[in-house]
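So the structure is just underneath, and the comments pick up after that.
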Amino acid sequence: MAVTATGFLLSSAVSVPAYAADILLSQGKPVATSTVEKPSLSGDKAVDGDTTTRWASAVSADPQWLRVDLGQPSTVHRVQLNWEAAYAKKYRIEISDDGVHFSVVTTVDNGRGGTDTLSGLNAHGRYLRFVGTTRATKYGYSLWEIQAFGTADSTGDTQPPTRPTGLTTGAVTANSVALSWSPSTDNVGVVGYDVLRAGQVVATSATTSYNDTGLAPDTSYTYAVRARDAAGNTSAASDAVTARTQSGGTGSFVLAAAGDIAERCTASDPNCVHPKTAKLVEAMRPAAVITMGDNQYDDAHLSDFQKYYDTTWGRFKNITHPIPGNHESYDSPKYQGYHDYFGQIATPQGNNYYSWDMGNWHFVALDSNDFVTHELAESPQLTWLKQDLAKNTKGCVAAYYHHPRYSSGDHGDNPDSIALWQLMVDNKVDLVLNGHDHDYERFLPQNTDGRADPNGPVEIVGGTGGADLYDLHATHPTTAKLLRTYGVLKLSMTDTTFATQLIGVDGAVLDSSPTYTCH
């Protein structure tokens, strides 16, 4: 195999230096990928030290990449790739100090699969990236393991956090297990925790709790957690706990949701966020996608939808149930670009507001531009909503619209939607999703007066899809979590329950709700 490495040719006949002090730098370190074929083939499987687990990219697409955060600046002398059957004919290895700007370390132009050992390297950086440019098969790229060997900078942080203690299980339903544990300590600081199910990392939580959803009923699961610091050092795993899910829980499915999505930028701009949130949706493999308005900026013309939104979130168009925000109304005539882009998807019942069902859930999609007009008369939409909720026969109800009733973000509360929120409370709506404020805020269930009440809806502001973030203000008494961040909501639904998570652009779980039982 001919290998071009940083400008010179390596072959088996070339003598390369040996590095006696080299260590394995990559194992167990954080991984990001361009795509995954399915959740069970995630990027972390390529650095877990287990040659029976693997990362696989999406099928039939070039290029694809896998990036490993080595935890601190390091010098890489050797990279070894252990291929599954779907290998790369052409690929390159890159290095970066910041995870954004990469330089080429070595290029392979005639890969043959099996095990590739790329030696004689002298690359320095924190982030190592494999980039596949030409597939050898009709499938994607699939690695059992990618290993980087070398030396970490002596000035870097090498002390791991303390081992987490106090791991316990909380609420257990047919499809979820709630976990919590005591915080670990570190000489610099703990940045997150890996959650292991049956010894495999299934999530990274920024807090000392996690709600594992989408599980099978009447099944035992074993968990442990380990702490991670900013340098990528990981602690030993905690003592394990085992929980058995309840029986029942039929009709489960996953939804992805966000609002305030597509700024006028593309993936060629590293600061453009909506390509990154679209990859989160792709990894979730949701049954449907919900958008909470301001899908396209600034005036939501059809040309902007086609040039920006369509290139990222547009790949989920056929399973998307959108609603408009205020920016969709800025086109002339109002909503023209929104209607032309989404077509019948945007107005399945002839208006910007409509309802749809999935499983035992009834979803109500509203145009909240009607509820920021300061008008006292009942709007036709509110009349329709009363009739729609009265006819509903499903056991669980969710509503979504752009302008939130309550918000600790820049726009604040919306007093014009008091009647709308009263209707939600009266009809025992379980979940309300909003956008408008470019932040994330999850509330406790609350009543018409904004007081905590288990009989009220759970409101979540998820204006985190890609638009520039807003400043935060003082929280409400009912605020459970407030974050200035990007991400996508993962909604795990069953016939009788729901649980939510906010997934950050790096794939980490930034917030997990309890599992709620429908009213």
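Selection within region 20-38: residues that are of a type in the set (G, A, S) and more than 24 Å from A287 (Cα to Cα). The member of this set that is most open to solvent (accessible area, probe 1.4 Å) is A20.
What number of residues in region 381-414 are open to solvent by 50 Å² or more (accessible area, probe 1.4 Å) and closer than 20 Å to E328 by Cα? Residues that pass the stated criteria total 2.
Looking at A152, A198, which is the one that is in contact with a Gly (Cβ under 9 Å, 6 or more places away or on another chain), among the small types (G, A, S) and either open to solvent by less than 20 Å² (accessible area, probe 1.4 Å) or farther than 30 Å from A61 by Cα (or both)? Can you show your working first?
Details: A198 fails: in contact with a Gly (Cβ under 9 Å, 6 or more places away or on another chain).
After ruling out the rest, the residue left standing is A152.
Quick check on region 487-502. Is at least one of its residues among the basic types (K, R), open to solvent by 40 Å² or more (accessible area, probe 1.4 Å), closer than 23 Å to T291 by Cβ and in contact with a helix residue (DSSP H, G or I) (Cβ under 8 Å, 6 or more places away or on another chain)? For region 487-502, residues among the basic types (K, R), open to solvent by 40 Å² or more (accessible area, probe 1.4 Å), closer than 23 Å to T291 by Cβ and in contact with a helix residue (DSSP H, G or I) (Cβ under 8 Å, 6 or more places away or on another chain): present. If you filter region 415-447 down to residues that are polar (S, T, N, Q) and assigned to a strand (DSSP E or B), you find that the one that is surrounded by the most Cβ atoms within 10 Å (Cβ to Cβ) is N434. Looking only at residues of region 285-295 that are more than 16 Å from V364 (Cα to Cα) and buried (at least 16 other Cβ atoms within 10 Å of the Cβ), we find that the one that is nearest to the chain's Cα centre (by Cα) is P286. Every listed requirement among (1) under 24 Å from the mean Cα position of the chain (by Cα); (2) open to solvent by less than 10 Å² (accessible area, probe 1.4 Å) is met by E328 save one, (1). Of all residues assigned to region 212-222, none qualifies as being outside any loop (DSSP other than H, G, I, E, B), within 19 Å of the chain's Cα centre (by Cα) and over 23 Å from T517 (Cβ atoms). For region 62-113, filtered to residues that are within 22 Å of E282 (Cβ to Cβ) and open to solvent by less than 30 Å² (accessible area, probe 1.4 Å), the residue that is modelled with the lowest pLDDT is G99. Of the set (1) at pLDDT 95 or above; (2) more than 27 Å from P415 (Cα to Cα), all apply to N360 but (1).
Within region 240-263, how many residues are part of a loop (DSSP other than H, G, I, E, B) and either modelled with pLDDT under 95 or among the hydrophobic types (A, V, I, L, M, F, W, C) (or both)? Full working, then the answer.
Residues of region 240-263 part of a loop (DSSP other than H, G, I, E, B): 240, 245-252, 259-261, 263.
In the following step, the residues that additionally are either modelled with pLDDT under 95 or among the hydrophobic types (A, V, I, L, M, F, W, C) (or both) were identified as 240, 245-252, 261.
Within region 240-263, residues that are part of a loop (DSSP other than H, G, I, E, B) and either modelled with pLDDT under 95 or among the hydrophobic types (A, V, I, L, M, F, W, C) (or both) number 10.
Can you pull out every residue in region 319-366 that is free of Cβ contacts under 8 Å to residues at least 40 places away in the same chain, in contact with a Pro (Cβ under 8 Å, 6 or more places away or on another chain) and of a type outside the set (V, I, T)? Answer for region 319-366, where residues must be free of Cβ contacts under 8 Å to residues at least 40 places away in the same chain, in contact with a Pro (Cβ under 8 Å, 6 or more places away or on another chain) and of a type outside the set (V, I, T): Y335, F342, A346, N352, Y354, W356. Just one of the numbered conditions (1) open to solvent by less than 20 Å² (accessible area, probe 1.4 Å); (2) in a loop (DSSP other than H, G, I, E, B) is not true of D298: (1). For region 202-215, the criterion of being within 24 Å of V505 (Cα to Cα) and out of contact with any strand residue (DSSP E or B) (no Cβ under 6 Å at 6 or more places or on another chain) is met by at least one residue.
Looking at S180, S184 in this structure, which one is at pLDDT 90 or above, in contact with a Gly (Cβ under 7 Å, 6 or more places away or on another chain), of a type in the set (S, T, Y) and surrounded by 15 or more Cβ atoms within 10 Å (Cβ to Cβ)? The match here is S180.
The values are calculated or read from the model by the stated rules, or taken from the named source; none is laboratory data. The shown structure was predicted, so the numbers you read here are calculated from the model rather than taken from an experiment. So basically every Cβ, Gly included, is an ideal-geometry build from the backbone, and we count neighbours across all protein chains shown. To get the accessible areas, we keep the full protein, side chains included, count just its heavy atoms, and leave off ligands, DNA and RNA. Shrake-Rupley method; radii C 1.70, N 1.55, O 1.52, S 1.80 Å.
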